[in-house]
Amino acid sequence: MRKILITGGAGFIGSHVVRLFVNKYPDYQIVNLDKLTYAGNLANLKDIENKPNYRFIKGDIVDSDFIMALFEQEQFDGVIHLAAESHVDRSISNPTEFVFTNVIGTVNLLNAAKHIWKDEPEGKRFYHISTDEVYGTLGETGLFTEETAYDPHSPYSASKASSDHFVRAYHDTFGLPAVVSNCSNNYGSYQFPEKLIPLFINNIRNNKPLPVYGKGENVRDWLWVEDHARAIDVIFHKGKNGETYNIGGHNEWKNIDLIRLMCQILDRKLGREAGTSEKLITYVKDRAGHDLRYAIDSSKLQRELGWVPSLQFAEGLEKTIDWYLENEEWLANVTSGEYQKYYEEQYVNR
Ligand code: NAD
Ligand code: DAU
């Protein structure tokens, strides 16, 4: 029996990872540690919350005493670390929060893992989930590989780059059994509607303007979140300590093309005349420091560990749009209260 700590398990990707591990590994004890910030939501885990191999603990990774005591008490065998502040726009309006959670929170977890595994590191694993944004931006061509030099531009990516460096430093300096992966943009169910795809689905449905940053020419490489969760499972079990694995969809889309596609699909699903939703497109002031293009070379992961994405984007996007249309109550709950204030600050008079 293995006891695995998953941090940030009430968030978007974390909830998919928790669900996969709880269902696939009945012999593991899965402990989900989450502060339940605006982005964390236990409703994301309703279907598995009563499973005997699952437990939720509310707590803050920034609280070093709490983290050390938790590790001493629970003696985890493995950690999959997803807890983070994850939205680039919020990192532009409040960078310090990103340093606390993403950098200090990660170092607290590293210290606690190093402490409890010091006598017996064999068979243990600290798995840090990171992003392709640490590599900076690409021009029109090329792909990010595991050898691409770090060049973060937003406070979010700078904080993730810093945490990645700390994880590798703990591996190299203290022999901590650690592995890192860097993934491209995820999409799918349970994503908080501050990120492009769920925000725009919600706005189209409600006939609200679609705020396209700049000219909409930035490119992102989209991966279905359940394929990311499958990659995390493979890397956690088969990846090599000290290694980095890139994860991506080989699925590049210019923002404006993706937005037009979402408008077309939603016109069809909502019974609107073709072209209706595109009229909501509104070009607004660009994001500061906006990276032009991300694209991941995931051949190392495919070659060495045998992972490949399972879902084509056309099918994944349809499924995702259907999920948000069918889960109105979930959307209504997460967009009430605090969300309205965020939306005003972010978009009104932009
Ligand atoms: P999210 O914002 O949806 O979820 C983050 C979770 O972390 C939330 O449940 C939140 O409550 C929790 N959390 C935040 N601060 C905490 C703290 N101090 N203590 C404990 N819990 C805390 O994020 P996501 O999109 O699911 O991303 C998860 C991870 O994957 C992040 O590390 C992110 O950098 C990385 N990542 C995300 C993407 C993407 O496209 N979303 C792509 C690559 C990597
Ligand atoms: O690449 C991985 C990263 O992907 C993750 O590490 C981050 O946690 C995740 O948030 C995501 O970052 P992006 O900044 O790429 O995602 P976002 O959904 O915020 O934006 C996608 C693109 O859409 C980006 O070019 C900015 C643009 N955009 C976004 C919003 C919210 C708009 O044009 N308008 C918007 O309102």
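So, in segment 328-339, exactly how many residues are modelled with pLDDT of 90 or more and over 15 Å from Ile204 (Cα atoms)?
Step one: filter segment 328-339 for residues modelled with pLDDT of 90 or more, giving 328-335, 339.
Now drop any that are not over 15 Å from Ile204 (Cα atoms), which leaves 329-330, 333-334, 339.
Matching residues across segment 328-339 total 5.
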* Asked: In segment 12-33, what residues are near ligand 1 (Cβ under 7 Å from one of its atoms) and either farther than 15 Å from His128 by Cβ or open to solvent by 10 Å² or more (accessible area, probe 1.4 Å) (or both)?
  -> Phe12, Ile13
* Asked: Can you tell which of Lys118, Lys160, Lys114 is within 9 Å of ligand 2 (Cβ to nearest atom), assigned by TED's automatic domain parsing to the domain that holds Phe236 and of a type in the set (D, E, K, R)?
  -> Lys160
* Of everything in segment 173-201 that's aromatic (Phe, Trp, Tyr) and within 24 Å of Glu338 (Cα to Cα), which residue is nearest to ligand 1 (Cβ to nearest atom)? -> Phe192
* To do: Output the residue which, of all residues in segment 59-75 that are open to solvent by 40 Å² or more (accessible area, probe 1.4 Å) and within 21 Å of Tyr28 (Cβ to Cβ), is farthest from ligand 1 (Cβ to nearest atom).
  => Gln75
* Structure fact -> Of the candidates Phe144, Phe98, the one satisfying the condition of being surrounded by 18 or more Cβ atoms within 10 Å (Cβ to Cβ), farther than 22 Å from Leu33 by Cα and in contact with a Phe, Trp or Tyr (Cβ under 7 Å, 6 or more places away or on another chain) is Phe144
* Asked: Has segment 258-272 got at least one residue that is of a type in the set (Gly, Ala, Ser) and within 16 Å of ligand 1 (Cβ to nearest atom)?
  -> no
* Selected residue (criterion: farthest from ligand 1 (Cβ to nearest atom)) from residues of segment 83-103 that are β-branched (Val, Ile, Thr) and touching a residue at least 12 places away in the same chain (Cβ under 8 Å) -> Ile92
* Asked: Is there a residue in segment 76-84 that is in a strand (DSSP E or B) and surrounded by fewer than 24 Cβ atoms within 10 Å (Cβ to Cβ)?
  -> yes
* segment 256-285: number of residues that are within 23 Å of Asn186 (Cβ to Cβ) and either among the hydrophobic types (A, V, I, L, M, F, W, C) or not assigned by TED's automatic domain parsing to the domain that holds Asn207 (or both) -> 8
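The values are calculated or read from the model by the stated rules, or taken from the named source; none is laboratory data. Keep in mind the model is a prediction, meaning the values are calculated, not measured. Using ideal geometry, Cβ is built from the backbone for each residue, glycine included, and neighbour counts are taken over all protein chains shown. These accessible areas exclude ligands, DNA and RNA; they are computed on the full protein's heavy atoms, side chains included. Shrake-Rupley method; radii C 1.70, N 1.55, O 1.52, S 1.80 Å.
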